[in-house]
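Okay, structure first, notes after.
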Amino acid sequence: MSILEAKIDPLATVAAVVISNAISSIWYGPFLGPQWQKYGKWSKEEIEQKMNQPKGKKILISIIQQAIIVVCLALVFHYLNAQRLSEVLTATF
């Protein structure tokens, strides 16, 4: 089997990246943001200063990282011949 034989759906890849970034923005934003602030011992001024910095490069890097992870997982599940959700969950856990 070669990597080229694995058919990875680009739409599913984009959807997985968007969903992953949405979940992490909620998780580290309103859901656990105050806890991160408390344990990081950041003041409100430090957080506001970081929020005002340009985020384009960080967001792009995050999107690329998520896309690589999604494609690698798709290849692993392809090589394991996991076609149903139960097979994927069995391989994962």
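Things worth noting here:
- Residues of region 1-67: accessible area per residue with a 1.4 Å probe, Å²: 87
- Length gained on full extension, residue 36 to residue 48: 2.9 nm, using 0.36 nm per residue less the C-alpha separation.
- When exposed loop sites are taken as trypsin sites (Lys or Arg not before Pro) in a DSSP loop with at most 14 other Cβ atoms within 10 Å, the longest stretch of the chain clear of them is 8-40.
- For region 56-70, 3J(HN,Hα) computed residue by residue from phi via the Karplus equation (6.51, -1.76, 1.60; θ = phi - 60°) reads x, 5, 5, 5, 4, 4, 4, 5, 5, 4, 5, 5, 5, 4, 4 Hz, glycine and proline entered as x.
- At most 10 other Cβ within 10 Å, DSSP loop - GluC sites (Glu not before Pro), region 15-53: none
- Fully extended contour minus Cα-Cα distance, from residue 55 to residue 12, at 0.36 nm per residue: 12.9 nm
- For residue 19 and residue 63, the difference between the fully extended length at 0.36 nm per residue and the C-alpha to C-alpha distance is 14.8 nm.
- Percent carbon-and-sulfur accessible area, the chain, ignoring ligands, DNA and RNA, probe 1.4 Å: 69
- Identified option (computed Rg/Rh (Cα atoms, Kirkwood Rh); candidates [x] 1.14; [y] 1.00; [z] 1.12): [z]
- Neighbour net charge for residue 64 - beta-carbon separation under 12 angstrom, K R +1, D E -1: +2
The values are calculated or read from the model by the stated rules, or taken from the named source; none is laboratory data. These figures come from a predicted structure and were not determined experimentally. Glycine gets a Cβ as well: all are built from the backbone with ideal geometry, and neighbour counts include every protein chain shown. Just so you know, the surface numbers come from the protein's heavy atoms only, side chains and all, with ligands and any DNA or RNA stripped out. Shrake-Rupley method; radii C 1.70, N 1.55, O 1.52, S 1.80 Å.
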